[in-house]
Amino acid sequence: MLSFLYARQSGVDDPVRLRRAESTRRVLSLELNHNRDVDRIHGNGINTLDIEVIDGRYMLSGGSDGVIVIYDLENNSKKPQYTCKAICTVGRSSRHVHKFSVETVQWYPHDTGMFVSSSFDKTMKVWDTETLKPAEEFQFDGNVYCHHMSPVARKHSLVAVGTKDPKVQLCDLKSGSRIHILQGHRGEILSVRWSPRYDHILATASTDSRVRIWDVRRASGSLFTLDQHNGDKSKASSEAVNTAHNGRVNGLCFTADGLHLLTTGTDDRMRLWNSATGENTLVNYGKVVNESRKGLKFTVSRGCSPEFVFVPCGSAVAVYGLHSGELITMLRGHYNNVDCCEFHPDYQELYSGGKDCNILAWVPVLRQPDIEDDETNSKRGGTQAAINPAFEDAWSSDED
Amino acid sequence: MSRKRALIADTFCLTKRRRCAADSETDGAADVRSSLQYLMTLFSRKLFNDSLPPVVLKHQLYSLHNDKTLVDKQVNELRENGELLMFQLGFDSEAFALVFAEDYRTKVLQGEAGRETLGTVEKFLAKLIPGCSDLSFNKEKMLNEFLFTDREITQLVKSGVFTVRDAGSWWLSIPNSGKFIKYFIKGRKAVLGMVKKSRYGEILRTELEERRTTSQVQFQMKYHVHDIMGAELVECIKTTSGTLLRYVD
């Protein structure tokens, strides 16, 4: 670490190199920290998390009870022990709350004045954060599994919605219209994702084992379908030709630069694709246990080298190296299945939510400062701010 | 101070890596071939009266090497060179069998000796072994590229080199491999049952390899252990007494 600092100082190294090395070191040391907690509001499992991109301060969560909560992640108290408080909730008592489970929530990509949530009650609601009332509501014919707004779009405000219907619907927030439909899939759409690189490229994953890449400006069908065998028709059985997975495809995630796309399927495999050509890079991650009947929300780190993929696997979060495919570690801490995870790029923290109604914050281990004079800093003096009151030793006697 | 050993990124281990870099480079390249040869020795030839070439499954290699992507890459290189043949076995879409090309050729011709299909099979093998690395063949390819007639294709199916996949397409297969697949599936189920029935559903690998094989298990225990480890049907945990295999539901 000191050599990196010195190299940056003397100009031998690019400034980015120190930042990347330190980010990678921090991500590798992620663990549960007893100083960091997230308020427990949900009474039922947590299906989705989203951290806003502007400040990285506010986090949205949607639960199986239809409740939506907004948390403040920033630690403004002077103490290291901090619970991320829930600032406001759309609870069961609200008139506009979703009737059934909220599947996806997403902040409006350009500011925190608005967020969009979609749920199994066949609606998608656009909420005003100030008043917590929906400004717009879109009704659909079937359960809404997922929706996504493009993070880089300036010219359009389309929300792609994946429902039980094989047609992907694009809803326009500016005009409220939903006439744009993408046809091509033959099964329910479990996951949709816009590319973070181009505002017109959309990827959709469906129960028919196919992943399609669309250019929304074109009137005709999809650009291409991802093929796990890269066109080698001899490898697959005849039904499995041109499929991305040998089962339902339920997770999609673009890497931060938008050059690669990750997909997970119920065949217990995760695949990495070149998003421009649709070629399977054939990185072998091994068995990535996936039993989810709905979409799986996983995430990729940002700013590290090599990048890491955080995938919920049962009751743990598995961390894989993106291009090497090796399993780095399993983050264990949840009591039940993990459904979603979200990476905070500025602090290299991971937030994961699951069926046990907890949101866990995985924080990089800090190098502890050396405390030299233990006798003079008495505990009663209160200077030992590092100790969480729950862990303070209040029972042992000094007389022994 | 955290007492746990922390994961360290590659960039922070520069000095140590420079010293061991020399050894690890050369090991990677030739290793897959030597692992294949080792696994082939575990295959029980006598069981099939020497009519089958030694067969290894691709995922058995994953139990010997850490980096699966590298193993896949090297296997594909060997296939491109024409040294290795890969077959789709049929009971699992992810299970691929690997056979050295030379072994395959000798055994198939040995099995065909004296039959009328010998000529066609020889012609096909001559086309297949240096050039083609496909797993299945369809009618246009056979008729146009390889210039085989319909009757010759029927002879290939009769000899066991082709198995029907679909109307007008065939899988490449190993003749007389039906018995192999049967014993393999039975043995795999039996070994997994042994792991499951152990106390707490886990057993040390060395202990499992020393167990007596029941009548269900016809292959060597080591062969099956490599199979279940590589296919991730059991969880492999490193302990101070060796590798522990834990049953996964």
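The values are calculated or read from the model by the stated rules, or taken from the named source; none is laboratory data. Since this is a predicted model, take the numbers as computed values, not measurements. Glycine gets a Cβ as well: all are built from the backbone with ideal geometry, and neighbour counts include every protein chain shown.
Which members of segment A:22-55 meet the condition of being in a loop (DSSP other than H, G, I, E, B) and within 13 Å of the chain's Cα centre (by Cα)? A:Glu52, A:Val53, listed by residue number.
Find the residue count for segment A:264-286, including only residues that are assigned to a loop (DSSP other than H, G, I, E, B), away from chain B (no Cβ under 11 Å) and of a type outside the set (Asp, Glu). Count: 5. When we screen B:Leu39, B:Leu47 for residues that are in contact with a strand residue (DSSP E or B) (Cβ under 8 Å, 6 or more places away or on another chain), away from chain A (no Cβ under 14 Å) and in a helix (DSSP H, G or I), the only hit is B:Leu39. Checking every residue in segment A:76-83 against the condition of being part of a loop (DSSP other than H, G, I, E, B), over 22 Å from A:Gly333 (Cβ atoms) and either touching a Gly at 6+ places or on another chain (Cβ under 8 Å) or at pLDDT 90 or above (or both) gives zero matches. Would you confirm, using the coordinates I've provided, whether B:Gln110 is surrounded by fewer than 14 Cβ atoms within 10 Å (Cβ to Cβ), touching a residue at least 12 places away in the same chain (Cβ under 8 Å) and either of a type in the set (Val, Ile, Thr) or more than 14 Å from every other protein chain (Cβ to nearest Cβ) (or both)? Yes: the conditions hold for B:Gln110. Taking segment A:65-81 as the range and being under 18 Å from the mean Cα position of the chain (by Cα) and surrounded by 21 or more Cβ atoms within 10 Å (Cβ to Cβ) as the test, the residues that pass are A:Ile68, A:Val69, A:Ile70, A:Tyr71, A:Leu73. Taking the criterion of being surrounded by 20 or more Cβ atoms within 10 Å (Cβ to Cβ) and not small (Gly, Ala, Ser), the residues of segment B:219-239 that qualify are B:Phe219, B:Tyr223, B:His224, B:Val225, B:His226, B:Asp227, B:Ile228, B:Met229, B:Val234.
In this entry, A:Val317 is excluded by the filter for residues that are surrounded by 21 or more Cβ atoms within 10 Å (Cβ to Cβ) and either within 12 Å of another protein chain (Cβ to nearest Cβ) or within 28 Å of B:Phe96 (Cα to Cα) (or both).
Looking at segment A:191-235, which of its residues are more than 21 Å from A:Ser292 (Cα to Cα), of a type in the set (Gly, Ala, Ser) and either within 14 Å of chain B (Cβ to nearest Cβ) or surrounded by 18 or more Cβ atoms within 10 Å (Cβ to Cβ) (or both)? Matches in segment A:191-235: A:Ser195, A:Ser222, A:Gly231, A:Ser234. Put simply, of B:Arg199, B:Arg246, B:Arg165, B:Arg211 the only residue that is over 17 Å from the mean Cα position of the chain (by Cα), over 18 Å from B:Lys127 (Cβ atoms), buried (at least 20 other Cβ atoms within 10 Å of the Cβ) and of a type in the set (D, E, K, R) is B:Arg165. For segment A:300-317, the count of residues that are in contact with a Ser or Thr (Cβ under 7 Å, 6 or more places away or on another chain), of a type in the set (S, T, N, Q) and at pLDDT 90 or above is zero. Only one residue in A:Val309, A:Val319, A:Val289 is in a loop (DSSP other than H, G, I, E, B) and aliphatic (A, V, I, L, M), so which one is that? Checking each option against the conditions leaves just A:Val289. The number of residues in segment A:273-298 that are closer than 18 Å to A:Cys341 by Cβ and either surrounded by 17 or more Cβ atoms within 10 Å (Cβ to Cβ) or β-branched (Val, Ile, Thr) (or both) comes to 10.
Here B:Thr206 passes the criteria (1) closer than 21 Å to B:Ala95 by Cβ; (2) assigned to a helix (DSSP H, G or I); (3) not small (Gly, Ala, Ser) except the one numbered (1). Candidates A:Glu31, A:Glu52: the one that is within 14 Å of another protein chain (Cβ to nearest Cβ), acidic (Asp, Glu), in contact with a Leu (Cβ under 9 Å, 6 or more places away or on another chain) and in contact (Cβ under 8 Å) with a residue 24 or more places away in the chain is A:Glu31.
Within segment A:336-368, the residues that satisfy the criterion of being over 15 Å from A:Arg26 (Cα atoms) and either at pLDDT 95 or above or in a strand (DSSP E or B) (or both) are A:Val338, A:Asp339, A:Cys340, A:Cys341, A:Glu342, A:Ser352, A:Gly353, A:Gly354, A:Ile359, A:Leu360. For segment A:178-185, the criterion of being at pLDDT below 95, buried (at least 19 other Cβ atoms within 10 Å of the Cβ) and outside any loop (DSSP other than H, G, I, E, B) is met by at least one residue. Can you tell me which residues in segment B:168-190 are farther than 17 Å from B:Leu85 by Cβ and either surrounded by 15 or more Cβ atoms within 10 Å (Cβ to Cβ) or among the aliphatic types (A, V, I, L, M) (or both)? Within segment B:168-190, B:Ser169, B:Tyr183, B:Phe184, B:Ile185, B:Lys186, B:Gly187, B:Arg188, B:Ala190 meet the criteria.
Does any residue of segment A:187-201 turn out to be assigned to a strand (DSSP E or B) and farther than 15 Å from A:Thr104 by Cβ? There is at least one residue in segment A:187-201 that is assigned to a strand (DSSP E or B) and farther than 15 Å from A:Thr104 by Cβ.
Across segment A:329-343, the qualifying residues are those that are of a type outside the set (D, E, K, R) and surrounded by 19 or more Cβ atoms within 10 Å (Cβ to Cβ), and the one among them that is nearest to the other protein chains (Cβ to nearest Cβ) is A:Leu331. Taking the criterion of being among the charged types (D, E, K, R) and more than 22 Å from the chain's Cα centre (by Cα), the residues of segment B:77-126 that qualify are B:Glu112, B:Arg115, B:Glu116, B:Glu122, B:Lys123.
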